[in-house]
1. So in chain B, what percent of DSSP beta bridges are antiparallel if you round to the nearest 5?
2. Shape call for segment B:7-89 from the C-alpha gyration tensor, a ≥ b ≥ c root eigenvalues: rounded (a/c under 1.5), prolate (a/b greater than b/c) or oblate?
3. For chain A, take the longest principal axis of its alpha carbons; what is the angle in degrees between that and the long axis of helix A:402-412, to the nearest 10 within 0 to 90?
4. Roughly how crowded by other chains is peptide B:97-105, in terms of the mean Cβ count from those chains within 10 Å of each of its Cβ atoms?
5. Using mean Cβ contacts within 10 Å as the protection proxy, how do A:387-394, B:7-14 order, highest first?
6. Can you sort A:134, B:6 from fewest to most other Cβ atoms within 10 Å of each residue's own Cβ?
7. Sorting A:356, A:211, A:303 on the 10 Å Cβ count, fewest up front, what's the list?
8. Go ahead and estimate [θ] at 222 nm for chain A from helices alone: -39,500 (n - 2.57) per DSSP H run with n ≥ 4, summed, over the residue count, rounded to 500.
């Protein structure tokens with residue numbers, strides 16, 4: 001046991017103390033930090049540059065239907081929108097020219113109570129200004145009409161500004177929201193398993209090709225060497241994911257008020273805690289299934305260059321599982337027959353079952369069955385992988401045939 | 001402490017790699033395991049160290065199975081290499097930890113060995129920056145850091161310059177003096193003769209010769225006498241013409257004459273006759289084959 005921990009410790013720091021690990025992790029944290037701190041930095045630079053904001057948000061207003069156009073402008077400005085309305089008296093051509101030259105953000109020419117022309121240089125994808133003007137026009141019209149029939153101003157306020165109070169009571173899962181965090185977690189799962197699984201394969205092959213294995217195998221039990229390596233690598237992967245996700249959560253909570261209303265960000269960081277726990281569970285089990293296979297295959301390589309070819313079938317299997325899950329998520333039907341089957345197959349269940357739990361309803365029994373199958377397979381694959389590893393690390397030259405490996409496992413594990 | 005292997009066999013698939021190998025080695029002595037490439041030396045060593053079990057036969061230490069917790073092995077493999085990109089001290093500490101050593105004693109032991117092998121300056125360097133010979137010395141530190149009871153050295157001298165070879169030679173002698181059990185495998189027969197009393201020659205998975213080197217040499221035909229003097233040709237001619245009664249064969253070789261006596265008892269007659277005839281004899285000894293000759297004789301057949 002002590003030996004196992006020695007290997008574990010060595011392997012863990014072998015990954016986490018390397019430059020690529022530190023650089024990649026730091027870069028990811030900085031990237032997430034840049035995204036999440038963006039509104040804070042953005043807002044501050046706006047405050048520091050009020051002239052720019054003033055110039056940009058001024059909308060020219062020409063009320064041709066009113067006797068006193070400045071009143072309309074005052075009414076619009078009193079509504080407290082993010083735009084400033086400035087009453088002007090110009091010809092339409094002059095107005096167009098001004099907008100073209102950027103003097104005004106846009107121009108509004110009111111022809112009658114419910115008819116207006118909107119002049120704008122480029123129509124942005126979601127032009128908030130025209131939406132705001134619509135609202136202001138309607139309000140102004142309604143207020144006018146209500147005043148005409150003699151309603152008191154307090155009644156008018158109530159009629160115009162009272163909003164329905166709504167409370168969303170969810171009986172199912174909001175797939176629009178769950179899709180985003182499931183996507184993020186599945187992608188993290190995919191990256192971490194693929195990356196750290198392959199690290200195990202190349203690590204084993206490197207020890208073999210550098211002949212360090214000659215000494216290792218005589219000073220430590222092969223099972224300790226292999227399990228230490230697999231678990232060490234898995235912990236390194238968890239450390240990296242934990243640091244990146246953790247810093248994401250910290251950055252988010254620091255900037256939470258500034259992100260108010262952004263559905264994308266809110267859904268990712270508002271993911272239920274139990275989903276995070278499921279992600280952890282499926283990462284651990286899925287990682288072991290693949291890392292054991294990668295470790296066994298790595299032990300059959302003579303040089304690190306051989307690893308890619310040897311692990312290809314396993315990597316392929318994993319990519320297929322990932323693609324299928326992603327497509328099913330995209331199509332919105334994570335409970336298709338295909339997904340149901342794959343959520344019990346040990347090589348695909350870490351992603352398929354996780355996606356279903358996260359985006360749909362899966363009974364506790366189904367989850368237990370899937371996890372049970374996965375756990376049993378992990379142990380079985382670990383056992384077989386240890387057998388292959390034991391033999392593989394001592395064989396140079398041609399990789400042994402499957403039949404020979406099976407024979408050796410039988411005798412070695414007697 | 002006596003290490004014995006009794007009729008161990010090993011098959012890899014269809015191939016029988018070891019065919020009933022037996023050996024016995026005692027502490028305070030070195031045994032040389034010799035054999036051509038592929039004869040089964042490494043497999044034998046691995047079975048002795050219990051890297052994998054033999055198919056049949058047994059390996060015992062003082063009549064009992066080896067308890068790896070009590071008995072420590074030090075191994076210098078023929079195929080060498082550690083972690084090229086790691087600091088030397090870090091990887092040595094790792095190997096020490098795998099062997100169950102505490103960090104403090106490991107550091108002490110490593111520093112002593114590094115000092116002994118004049119490698120202290122490389123302690124915190126990465127392995128890859130070292131020359132081949134120096135990497136080999138680090139490998140030797142790795143083999144000896146746990147103060148092993150049984151030391152297995154596979155081709156320890158390959159790649160070492162003469163100065164380092166002397167350093168290693170002294171170290172090996174010290175191990176033997178310290179009552180360690182040393183198993184030594186090499187193709188450089190002069191080193192084998194220097195350290196080993198006993199040898200074991202493997203060929204094609206079988207023991208073809210084993211025993212005490214001196215006794216093996218004595219077992220050869222002792223009627224052959226090596227004679228050399230200031231004029232080897234004169235000695236040879238005289239031997240052919242005047243000593244046909246006691247000699248059965250005369251051969252001139254590079255720097256000596258090889259005379260074969262009819263009977264061992266005629267050795268003194270030969271000395272007397274040579275001196276009577278007034279030959280200037282500088283060298284006179286019974287021919288003994290070199291270990292190299294013996295090795296070639298037993299291993300050139302087969303494989």
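None of the figures in this text is laboratory data; all of them are computed from the coordinates on show. Note that the structure is a prediction, hence the values are computed from the model and not measured. Quick reminder, even Gly has a Cβ in these numbers, built from the backbone with ideal geometry, and neighbours come from all protein chains shown.
1. That works out to approximately 65 percent antiparallel.
2. oblate
3. With both axes taken from Cα atoms, the answer is about 70 degrees.
4. The mean count of partner-chain Cβ atoms within 10 Å per residue comes to 4.
5. A:387-394, B:7-14
6. A:134, B:6
7. Listed from fewest to most nearby Cβ atoms, that is A:303, A:211, A:356.
8. -24000 deg cm²/dmol
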